[in-house]
1. What FRET efficiency do you get for residue 144 and residue 30 if R0 is 51 Å and r is their Cβ-Cβ distance, rounded to the nearest 0.05?
2. Full extension from residue 16 to residue 97: what is 0.36 nm times the residue separation minus their Cα-Cα distance, to one decimal in nm?
3. Can you give me the accessible area per residue for region 241-310, using a 1.4 Å probe, in Å²?
4. Suppose we keep just the alpha-carbon trace of region 115-201; what are its Rg and Dmax in angstrom?
5. Just to be sure I follow the rule: in region 130-217, considering lysines 8 or more places apart or on different chains, how many pairs have Cα atoms under 30 Å apart?
6. With just the Cα atoms defining each centre, how far is region 135-191 from region 258-330? Give it in Å.
7. Take the cross-link list 70/98; 9/60; 10/280; 36/280; 35/228 and give me the ones stretching past 23 Å between alpha-carbons.
8. Considering the convex hull of the alpha carbon atoms of region 276-330, report its projected area averaged over all viewing directions, in nm², one decimal.
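The values are calculated or read from the model by the stated rules, or taken from the named source; none is laboratory data. Bear in mind that the values here come from a model prediction, so they are computed numbers and not experimental data. Neighbour counts are summed over all protein chains in view; Cβ atoms, including those assigned to glycine, are modelled from backbone coordinates with ideal geometry. To get the accessible areas, we keep the full protein, side chains included, count just its heavy atoms, and leave off ligands, DNA and RNA. Shrake-Rupley method; radii C 1.70, N 1.55, O 1.52, S 1.80 Å.
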Amino acid sequence: MATIKDIAKKAGVSIATVSRVLNYDTTLSVSDETKKRIFEVAGELDYKKKAVVRKPEIGKIALFQWYTEKEELEDLYYMSIRLGVENRCRYHGIQVIKYFQDSFEELKGEDIHGLIAIGKFSSRQISELASVTENIVFVDYSPDEDQYDSVVVDMERATMKILDYLLEKGHKEIGYIGGREAYKDQATVIEDSRELAFKRYLTGKGLLDEKFMYIGGFSVDQGCTLMKQAIEDHGDRLPTAFFAGNDPIAIGALKALLEAGISVPERVNIIGINDISVSKYVFPALSTVKVYTEQMGETAVDTLLERNEGRTIAKKITFPTKLIIRNSSF
């Protein structure tokens, strides 16, 4: 495993700066570019393969990220997928051009041979992407499995892994801190499979208490704000465990608990989901469900190559997950 010293050396910054960035220290004044470099280096060192350049089998492809570049810094899940795509393109010797949500108009003018779309898109956006090229692979979303290739994760099953673990450890009151997303071109809220699975599974066990559920956004700041609200609402009756909808939320929740003098995991267990590159560096190290994001990005490239070689039937690839217990839970 890479150390903070390794990250600092490659990123060209101090060890202290790396530590504070990885722990989302809001008092640190560094540029977004520096943060981006540190996060990308952490991801690359965490997942490194020998660079072998193969003969190109496809022309120029585009990588379209549904986030803006700044938003990507708040949710490293999507950055990690992007790095997997870029690494695999280098492996195959393929030229890839990156586009973020706020640069879609530039994408329309490109002569490309395929498109990897990372994130969630409305029907109108999908039509616009299809007007650029019919050779599209969606990652983290499957808008139409009969028509488009997709690479996804079973978030419902991942949620059940977390809940099964917490129930086996004897927790009877389990809280949820999550987020909801909306398509970037409209206000339509996307149903979140983690939230739905949480409610359905605990309802089946007779253990759901919706007063312990808090919904906001998928960021560190939101996780901190929502956990502070939970602490204010429940005081000594705070649940003994919380499932956080992603790792940034979990990291924010940890900050709020520690600032309130509530011990983790002795008083409250926290488990996130995604296992982003910084999860092992926060204090206490975060328990989480690993999503194989880099491999999802790689697989998207390979799937695009299959289409280029003549496959006509759409393919949906679902990745497994793995529960990783660190210091934020028993």
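1. Details: r = 42 Å, r/R0 = 0.82.
Plugging the Cβ-Cβ distance into 1/(1 + (r/R0)^6) gives 0.75.
2. Values: separation 81, 0.36 × 81 = 29.16 nm, distance 3.33 nm.
My answer for the length gained is 25.8 nm.
3. Each residue of region 241-310 exposes 24 Å² on average to a 1.4 Å probe.
4. 16.4, 53
5. 14
6. Going from one Cα centre to the other spans 12 Å.
7. 9/60; 35/228
8. Numbers: hull surface 17.1 nm².
Spelled out: convex hull of the Cα atoms, projected over all directions, averaged, 4.3 nm².
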